[in-house]
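The values are calculated or read from the model by the stated rules, or taken from the named source; none is laboratory data. All values reported here derive from a predicted model rather than from experimental measurement. Here the Cβ positions follow ideal geometry from the backbone for every residue, glycine too, while neighbour counts run over all protein chains shown. We work out accessible area using only protein heavy atoms, side chains counted, and drop any ligands, DNA or RNA first. Shrake-Rupley method; radii C 1.70, N 1.55, O 1.52, S 1.80 Å.
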Amino acid sequence: MNAAAKTILVLVILVVAVIGVMLASGDPGEAPIQRPTAVAAPEPEQEETPASMVATPDRQEPTAVQRREVVQAKAPEEFSQGVRGRILDPTGAVPPSAKVYLVEAPGTDVFKQLMLVNKGIRNPPLARGTTDEAGRFALGLEVADASKRYEVRIVTDDYVDAQVPPITIKPSQWYDTGDIVLQLGTTLWGRVTIAGSGGMPVPNATVFIQPANFFPSISPTPGREEGIPVKVDHTGTFRTQNAPPGPVTVGAVAPDYARLEKQNVNLEANSENQVMFELQPGVSIGGLVVDATGTAIGGAKVEATAISNKAPARGTSHSSQDGSFEIIGLLDGPYMVTAIAPGYVRAELKPIQAGDRELQVVLERQGEAKIRVFDKNGRVMSRFLLTVKTYYEGQDHYGNTDIPPKQAKTGKDGTATVGGLDPASYVFQVEAKNHCKAFSEPFQIVQGQDAPTVEVRLTEGGVLEGTVTSSRGQPLANVQVSTLPNHLDENPFTQMFQGLIPFKITRQSARTDAKGRYRFALLNPGSYQLKFAHAEYFEVYSKNNVVEDGRTVSIPPMVMEPGTIFTGQVRVDGSTAAQVKVTISSIADPDTPAAGGVFNCEAITDNEGNFAMSKRAPPGRYQVMAARQTLGNPLLQIADFHRTRQEVTFGRGQEKFFLPLAISSN
């Protein structure tokens, strides 16, 4: 599959995911409206960190809950890592103080991000600051994760919002962005008037400007959640000089008037761009969000989506502490109203006529289930790691949920309770010390019914063992051996969606001893793949290893060969450059199968432009490409990859290979 095909597939999957998230619903009943006692929606429960059940277990990352603002009490110089730079205006002078934010960029698990955004979860910046008199800034990061990407965002009153595209911040390293030159915006002005009034202004209107490529983010720039806001004056006129040139969506909204958006407005640079709005009298949808007992729910996200093709298509509000909400800016017509809040099942009401001000949205509490776990000797267990999985009739694998794994504690009756379950079918995944992973029988959560109780009996599972040697027949110590699903092929595509790939096997990692031996016990029955990795050898795999309860399987000896250390240096326009991504991937050769299977790896250059791949490559032919991560336009990154693409060949026994790479901005 080529890069273009992969991109199309990802986009298709994203669209399907978004549609699925948007259409997931329940049908709550309606009750006469009443003023309830106020109570806030509960905060998401903070789970305990799961205890290790096996040596070095591989666990899927729990779904994130809403993060609070990171308050930095330390000075930048007290941090071991972070990002620094200088901001200049288009003339090279220092602009007035600019606001600078460090946020987490969209990660590989885009599905999780879309789900969290749809739930109304927004994460604040990891760090924020302002430029000093010299235009410099420094944002420290308490903990750097080299597997994550970060963005620097700059907001000023006089220039276009700037952004340093995704960068990598490594532990104990400060990345210097160098000079970030702000760009002059384009002028956008207009008036917001009452339709059919002959030009009478709309009072208290606000205009929002969004770039056309705006994508919902779980880490929006503060103050830019809906775009760049511009207030109108008493004559209904608005004007800004820091609008981004190019295609944008411009919207206007005001109390008692219908929201109006104009999409694909092309703002030309160095021009007086004009957009005029005539707002129709608007209506709103208002009411209360309550639970089944009539108690108010504060902080619920309430959204109205037009059922017909008329605009505006959507309006959003959040309920106050007394449960009241009002969605303004709507036109007459039927709408679908949805409401979500932590701890409650998503509710959907339709059709709701715009203008209904006494709508009562009833949110049902999410369900719960009880579990009792027995050990291999038939005794009730009091502590175990519990994960909720989605059950699909007739499927071989269970789906992942957004409920984090929980270190369960049982009550006096030996049962543990798990809440936060929407009506659906589930299974419990159970892990405990000295036992293999096990799954419960499927159970259903049905609104209005008692919590089901399921039982799980644990066993010791099966064993995989074997030895690893060098090509000379010598035992290899310190080889990292990992269990993987038998069907999984490790590549950039599967790594992107690894958080969504369900598996029933037990994930473990171990290292060989001085005699090259490894042993995995307490394995859940199933078909396994083993991965063998060592710093001085290229990776190899063993597939189709079947594990059964109470059985030990001996794997034939695995032979590992030295691979090639691939390093290099990247220069951009003649100067060494940081934050350049270098990728290497094997080229399929039907006449000569790759010694280590399909090989893919990538590295990011350091502040001196140097890179080193994290693992050795098998002998064979490879394609190497490089692209600047800090290019805002993905098409420019593709151009970098295309211009730098070249083939290299590593011979058997070749220890090192150094490759200089050059990128030209022209």
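Using packing as a proxy for protection, rank 333-342, 83-92 so that the peptide with the highest average count of other Cβ atoms within 10 Å comes first.
333-342, 83-92
Suppose R0 equals 56 Å. What FRET efficiency, 1/(1 + (r/R0)^6) with r the Cβ-Cβ distance, do Val559 and Thr206 give to the nearest 0.05?
Once rounded, the FRET efficiency stands at 0.25.
Tell me the accessible surface of Tyr257 in square angstrom (1.4 angstrom probe, heavy atoms of protein chains only), to the nearest ten.
40 Å²
Read phi for every residue in the stretch 575-587 and hand back ³J(HN,Hα) as whole Hz from Karplus 6.51 cos²θ - 1.76 cosθ + 1.60, θ = phi - 60°, with x for Gly and Pro.
Values, residue by residue: 10, 4, 9, 8, 6, 9, 8, 10, 10, 9, 9, 5, 9 Hz.
Can you list residues whose amide H is under 5 Å from Glu460's amide H, if they're 5+ apart or on another chain and H is modeled 1.01 Å from N?
Answer set, sorted by chain and number: Cys436.
So who's got an amide H within less than 5 Å of the one on Ala354, skipping anything under 5 residues away but keeping other chains? H placed 1.01 Å off N, in plane.
For Ala354, whose amide H was placed from the backbone, the distant partners under 5 Å are Gly333, Tyr335.
Looking only at the stretch 399-420, which residues have a backbone nitrogen under 16 Å from a spot 7 Å from the Cα of Thr453 in the C-beta direction?
Once the point is set 7 Å along Cα→Cβ of Thr453, 410-418 turn out to lie under 16 Å by backbone N, inside the stretch 399-420.
List the residues, sorted by chain then number, that are 5 or more residues from Gly563 or on another chain and whose placed amide H is less than 5 Å from its amide H.
Amide H neighbours of Gly563, under 5 Å, 5+ apart: Tyr537, Phe538.
Please calculate how many Å² of accessible area the stretch 515-559 carries per residue, with a 1.4 Å probe and no DNA, RNA or ligand atoms counted.
Normalised by residue count, the accessible surface of the stretch 515-559 is 49 Å².
Sticking with the crude label model, points 7 Å out along Cα→Cβ, report the distance from Ile587 to Asp356 in nm, one decimal please.
6.4 nm
Roughly to the nearest percent, how much of the accessible area of the stretch 379-502 is carbon and sulfur, given a 1.4 Å probe?
Carbon plus sulfur share of accessible area: 44 percent.
Please state the shape class of the stretch 509-610: rounded when a/c is under 1.5, otherwise prolate if a/b exceeds b/c and oblate if not, all from the C-alpha gyration tensor.
Cα axes put the stretch 509-610 in the prolate bin.
To the nearest 20 debye, what charge dipole does the stretch 278-335 have about its Cα centre, counting +1 at the Cβ of each Lys and Arg and -1 at the Cβ of each Asp and Glu?
The dipole magnitude comes to about 160 debye.
Determine the gain in length on full extension of the stretch Lys376-Glu268; use 0.36 nm per residue of separation and subtract their C-alpha separation, reporting nm with one decimal.
So the chain would gain 31.7 nm between Lys376 and Glu268.
Can you give me the accessible area per residue for the stretch 141-199, using a 1.4 Å probe, in Å²?
That works out to 44 Å² per residue.
Going by a ≥ b ≥ c, the root eigenvalues of the Cα gyration tensor, does the stretch 450-569 fall in the rounded group (a/c under 1.5), the prolate group (a/b larger than b/c) or the oblate group?
Note, shape of the stretch 450-569 comes out oblate.
Using a Förster distance of 30 Å, how high is the FRET efficiency between Asp179 and Asp402, based on the Cβ-Cβ distance and rounded to 0.05?
So, using R0 = 30 Å, E works out to roughly 0.10.
Applying the Karplus parametrisation 6.51 cos²θ - 1.76 cosθ + 1.60 with θ = phi - 60° to the phi angles of the stretch 422-433, what ³J(HN,Hα) value in whole Hz is obtained for each residue in order, glycine and proline being reported as x?
6, x, 4, 9, 9, 9, 9, 9, 10, 10, 8, 4
Report, in listed order, any pair from Lys389/Lys412; Lys148/Lys656; Lys543/Lys656; Lys409/Lys433; Lys531/Lys581 with a Cα-Cα distance greater than 20 Å.
Violating the 20 Å Cα-Cα cut-off are Lys389/Lys412; Lys148/Lys656; Lys543/Lys656; Lys531/Lys581.
Roll a 1.4 Å probe over the protein chains and send me the accessible area per residue for the stretch 260-397 in Å².
Solvent-accessible surface per residue comes out at 47 Å².
Keeping all protein chains in position, work out how much accessible area Lys389 exposes to a 1.4 Å probe, and write it in Å² to the nearest 10.
Counting only protein heavy atoms, the figure is 10 Å².
Ordering His397, His642 by how much accessible area each has at a 1.4 Å probe, largest first, what is the list?
The most accessible residue leads, giving His642, His397.
On the protein heavy atoms, probe 1.4 angstrom, tell me the percent of accessible surface of the stretch 166-229 carried by carbon and sulfur.
Its accessible area is 56 percent carbon and sulfur atoms.
Provide the solvent-accessible area of Glu226, counting protein heavy atoms only and rolling a 1.4 Å probe, rounded to the nearest 10 Å².
90 Å²
Show me, for the stretch 341-346, the HN-Hα J-couplings you get by feeding each phi into the Karplus relation (A = 6.51, B = -1.76, C = 1.60, θ = phi - 60°), rounded to Hz, glycine and proline as x.
So the J values, rounded to whole Hz, are 7, x, x, 10, 7, 4.
From largest accessible area down, sort Lys409, Lys504; use a 1.4 Å probe on the protein chains.
Correct descending sequence by accessible area is Lys409, Lys504.
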